[in-house]
Each structure stands twice: as C-alpha cells, then as structure tokens.
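Data first, discussion second: the structure below is written as structure tokens.
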Amino acid sequence: MDVIDEFVRDGAAAQVLAGLVKSLGEPPFEVALPAADDLPALLLELAVPHEDIDELTASLPSRERDPRVWRFLEYCTHLVVSQMGAAGPEVPFPELSPAMGALRRYFYVYVYLAARPHVRAFHRERGIPDDISRLTLADLGRVLADHRFWYGTGGIDTELASWLTGHFRGALYQLGRLQFQRVTLGNRTGKAITAAGLPYGPGDPALAVHVPATYGPMIPASCEKSFAMARDFFARHFPEEEYHIAVCYSWLLDDQLADYLPAESNIVRFQRRFRPAYEANEDDAIILRFVFGRVGADLADLPRRSTLQRAIVDHLRAGRHWHGGAGWCVLGSGLAT
C-alpha cells in the first residue's frame, strides 16, 4: 500500500483509499491499457479533444515503464470495476500527489481507459444499444474539454474524475439531450416528496437528471424526448428497478434566474419541470465556473454577450448571490405535479 501513500496527496484520503483497496483484495481480472498505436482512435471515439491526444499517447503508462504507477492504476481501476452496476454516489477518487509528476494531470483518464472494456461488457449484458453506450462514455472527452476551458491546460481534476465513475460503472446514461443517473433519494429531497403526498421518500430509487454542456440548446422538445427515452430505457434495461421520480441539482434551477430571463427561455421552461425540494446554500462559484469558465475573476472582466451572462454579472454587482437549486418531478409525466 506504500504506493497509495506516495501518490495520494492527503494522508487521510490515502488511509480511506488504502482501506477500500484492502477490502477488495486483488483484482479478479488483468488490468490492461490499449497499445499506443491503437490509443488515438480510441480517444477520438471517447470524444477526447485533439489537443490532448499526443500527450496521452506519449505518457501511456506500462508495467515495465513504472511498476509503481501501474500498481496504483490497478488499485483505482479495481475500485471502479468492483462497483459495476451499482447505483448511488460517485467513487471518491483522491487528489493526487505531485510525486506522480507530469502523469498526474492525466492519470485518471488511464483508469477509465482500463475500465472501459468492463463497462462495455456490462452494457452488452444489459442489452444497452451501442450508440447509447458510446455517447455515454464520450463524456470523458467533454470533461477534458471542460478542464481546458476552466484551467487552460489539459488534464482532469479530482472532482471531474470522481464524477465519471457513474458513467464507467453503469449508473449514468446519455439519453438524448439529457443524462440520467440511477440514484436513491436523499434525506431532504425524499422528505419533500413525502410531504407533497407521494408514496416515496428517503432511500427510494430515483433518476438524477444532468444537463451536459456543449451539447446544443436545451429546448423543451429535446428535454421531453429525453424524459420519454428514460422511461423506456430503464424499464427495458433495468426491469428489476422501478423509477417514478426524477431529481435535479443544478445551477440551472436557481429560481432567481427567472427574474432576469424571458418566461419562455429554455432555462426557465426547464425549471418549470421541477418542484423545489429545498433551498440550496449560496454558491456563486458554480455558476461562474460553468458559464464563464472562471472563478474569482473581476466582474468587470467577464463577458456580457448573452442575456444569461449579463444576468449573472448584474446579480452579483447588486450584492446578491446565486445558490443553484434542488428539484424533483414525477418521471411519468416529466413535469412537476
């Protein structure tokens, strides 16, 4: 376990990971990565930006090049694959230590390349169409593009790496414009649904709705089509699970946006699909990060090209804050009841 202490930045996180690895034991499969000659085509299939492909190929780890890095790769890959098919929260990947060197920025990409054959096999076992499987896993490329948008460099940070565990263990699927993730209702949302008179509450299954960026406008017809796809998809491919509730936790559900945007704007119409579950805490950083790609910038330096951008900046200049939102709806209708 000494490689965990070497490559994990925080001591407490290293202890947690070491405990998980110890409980799992040795991987019951051989961890493998694509050959360097095959890697670029596979990265393109995963929508990895062209700017990242040369470095990912040149830095491809191997057991022979660095046995210690490879051992750590085996641990992390097993952590993802061991939860194949499980619903619930993401696998908590730790922040990596500078001791990993230049490989640190891309290490978790290699974990997902190693996990990819296993999730593809899971998809085939469930009869999940190949186009949905490929589009779902292509979120890896979108995450790399987000990293470059936010930080100006190639790589994947710990938060985004953990987020992708849902994709690569069969919990999350791209269904048209939206993504749907198999989860269970949390305490606050579950209690809000119970209080509304529905026979569901904390711990019951639900589908978490995610709105990926850079996937075209979220027009209502596209969103409705995604909800319809979700109702059919999960009934067909996960028949042992029943989903009646959809939940969404996003800056897009901040009800203050309706004070600035037209009533028929895509964002406001998306908000109307959900009933509020609770009021989220103030969090200006999330909306600044996703809309502008910057946190902590001078408001005067932020662009004002769209109604949304102007709304975000004017709201903050007025001394107010954004808090995001938490909402739910009945999956059967795709609309708040």
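The values are calculated or read from the model by the stated rules, or taken from the named source; none is laboratory data. Worth saying up front: this structure is predicted, and the values here are computed from it rather than measured. Heads up, the Cβs are rebuilt from the backbone with ideal geometry, glycines too, and the neighbour counts pull from every protein chain shown.
Kindly provide the set of residues from the range 159-211 that are assigned to a helix (DSSP H, G or I) and within 30 Å of ARG105 (Cβ to Cβ), ordered by number.
Keep residues of the range 159-211 that are assigned to a helix (DSSP H, G or I), which gives 159-163, 167-169, 187-195.
Of everything in the range 159-211, those that are assigned to a helix (DSSP H, G or I) and within 30 Å of ARG105 (Cβ to Cβ) turn out to be GLU159, LEU160, ALA161, SER162, TRP163, HIS167, PHE168, ARG169.
Restricting attention to the range 310-320, does a residue exist that is among the basic types (Lys, Arg) and over 25 Å from ILE219 (Cα atoms)? Steps first, please.
Of the range 310-320, the ones among the basic types (Lys, Arg) are 310, 317, 320.
Next, from what is left, pick out any that are over 25 Å from ILE219 (Cα atoms): 317, 320.
Taking every residue of the range 310-320 in turn, at least one turns out to be among the basic types (Lys, Arg) and over 25 Å from ILE219 (Cα atoms).
Would you check which residues across the range 265-292 are touching a strand residue (DSSP E or B) at 6+ places or on another chain (Cβ under 7 Å), assigned to a loop (DSSP other than H, G, I, E, B) and modelled with pLDDT of 95 or more and list them? It would help to see each step written out before you state the result.
Initially, the range 265-292 is screened for residues touching a strand residue (DSSP E or B) at 6+ places or on another chain (Cβ under 7 Å), giving 273-278, 280.
If we keep only those that are assigned to a loop (DSSP other than H, G, I, E, B) as well, we get 273-274, 280.
Selection gives ARG273, PHE274.
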The correct count of residues that are farther than 14 Å from ARG105 by Cβ and either more than 25 Å from the chain's Cα centre (by Cα) or in a loop (DSSP other than H, G, I, E, B) (or both) in the range 34-59 is 7
Return the residues of the range 52-75 that are in contact with a Leu (Cβ under 9 Å, 6 or more places away or on another chain) and closer than 23 Å to LEU135 by Cα; say none if nothing qualifies. ASP52, ILE53, LEU56, THR57
Among the residues of the range 260-294 satisfying the criterion of being free of Cβ contacts under 8 Å to residues at least 40 places away in the same chain and exposed (fewer than 15 other Cβ atoms within 10 Å of the Cβ), which is nearest to THR184 (Cα to Cα)? ALA285
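Go over the candidates LEU252, LEU261 one by one and state the one that is in a loop (DSSP other than H, G, I, E, B) and under 29 Å from LEU175 (Cβ atoms).
Numbers: LEU252 fails: in a loop (DSSP other than H, G, I, E, B).
None of the others qualify; the one that does is LEU261.
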Of all residues in the range 21-52, which are surrounded by 17 or more Cβ atoms within 10 Å (Cβ to Cβ) and either of a type outside the set (A, V, I, L, M) or more than 30 Å from THR214 (Cβ to Cβ) (or both)? VAL21, VAL31, PRO34, ASP52
